[in-house]
Amino acid sequence: MYRMSSGYANVLVNTLSAEGLDVASLCREAGLDMQIANTPGALCERRVIYRLWQLAAQASGDPDIGLKAYGHFHPGSFQIVGYTMMSSLNLKRALERLVRFSPLIGNGFSLFFVPEQQHYRLASLDHQQSGSIKPRQYADAGLASLLGFCRWLGGGKLPQPLSVEFSYPEPKDIGMHQRLFDCELTFGSAYDSILFDGQDLLRPLSMANEALAVLHDSFAETQLDLLFGLSITGRIRALITERLSHGQGQCDTESIAAALNISKRTLQRALEKDGTQFKDVQNAVRRQLADFYLRHSHFNMKHVAYLLGFHDHSSFNKACSRWFGMTPGQYRADESFEMEEAASV
């Protein structure tokens, strides 16, 4: 079951309230307890969030209502994740922390923060479940609130997106999208993503505080440990994703166990308890990142293989044939191929 944090529910409730909607009635119909939005650390089912966005679009008659989340977030909405971002040296470090601690915001999605030449792209992939269809308002709200938060941290109109990609088909009217993002827009993409100018992300933040950043990181790590206390698989997956996303190819059992401050044998036993093995978790992450790099970046094949931790191109070719039924080059060139849902571990 996929869940979202109370912070996200709070952003949603604030947005609908500011739009003059009958929030209490909509929440009842969607099955959302409004108290959750005001309870730090609480979680709600993602399908309920989906349903509430659908009802809000119908009640308001505004299919663009998700974009209104840009102006109705609060820095505390991301809770400890937001505080780690606020104390960061710059937006690049803030977004790296967002990816690192994203499991505290919710599950059922993966975030990627990857360089593209001198720029950086933050992309999100939602793992879908049977009977639950992601409404476009959910995607809009995620991108809009992210941009709003980044600009709040930056203290002005920066960062200015270079391009934004949406995972749904192009609507008849994209006027509000154009006014809000003011950049190249692409619809029908595999991911929801924003490409930022690298220089914008390296500007120092006025609230940067290294001592606080260390303190916040420590607390967030503790929260992750508590979150995955009964299932370490998600924590391992997050660490592997973080390392491979940043080109840190060393993702063997020993290095991940050391990062978790546990022995290799303890890690293996924990995975066995969850009915999986380290190689299976690593393979699932590699497959998902391979899809992202091949579909969504201009990296050459040698560099993609390096990022994924393959020592030679032949091994990467064999892995892609196993994952996608074709070579990396064929997969990148085959635009008609619809991405399969990423394996969930």
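The values are calculated or read from the model by the stated rules, or taken from the named source; none is laboratory data. On a predicted model such as this, the values are computed, not experimentally measured, just so you know. We place every Cβ from the backbone using ideal geometry, glycine too, and count neighbours over all the protein chains shown.
Quick notes
- Of all the criteria given as (1) of a type outside the set (Gly, Ala, Ser); (2) closer than 23 Å to ASP200 by Cα; (3) modelled with pLDDT of 90 or more, the one not satisfied by ARG100 is (3).
- Counted residues, region 308-326 - those being more than 24 Å from the chain's Cα centre (by Cα) and assigned to a loop (DSSP other than H, G, I, E, B): 5
- Residues (among the acidic types (Asp, Glu) and under 22 Å from ARG295 (Cβ atoms)) located in region 162-177: GLU165, GLU170
- Residue check, PHE292 closer than 30 Å to ILE194 by Cβ and touching a strand residue (DSSP E or B) at 6+ places or on another chain (Cβ under 6 Å): yes
- Residue in region 216-236 that is farther than 25 Å from LEU104 by Cβ and among the polar types (S, T, N, Q) present: no
- Residue match in region 14-25 (condition: modelled with pLDDT under 85, over 17 Å from the mean Cα position of the chain (by Cα), not aromatic (Phe, Trp, Tyr) and not in a helix (DSSP H, G or I)): no
- Residues that are within 16 Å of SER110 (Cβ to Cβ) and part of a loop (DSSP other than H, G, I, E, B), drawn from region 290-307: SER297
- ASP62 surrounded by fewer than 23 Cβ atoms within 10 Å (Cβ to Cβ) and closer than 24 Å to GLU170 by Cα: yes
- Strands (runs of 3 or more DSSP E) wholly inside region 129-236 containing at least 2 residues that are surrounded by fewer than 20 Cβ atoms within 10 Å (Cβ to Cβ): 161-165, 184-186
- Restricting attention to region 29-50, the residues that are under 20 Å from the mean Cα position of the chain (by Cα) and on the phi > 0 side of the Ramachandran plot add up to 1.
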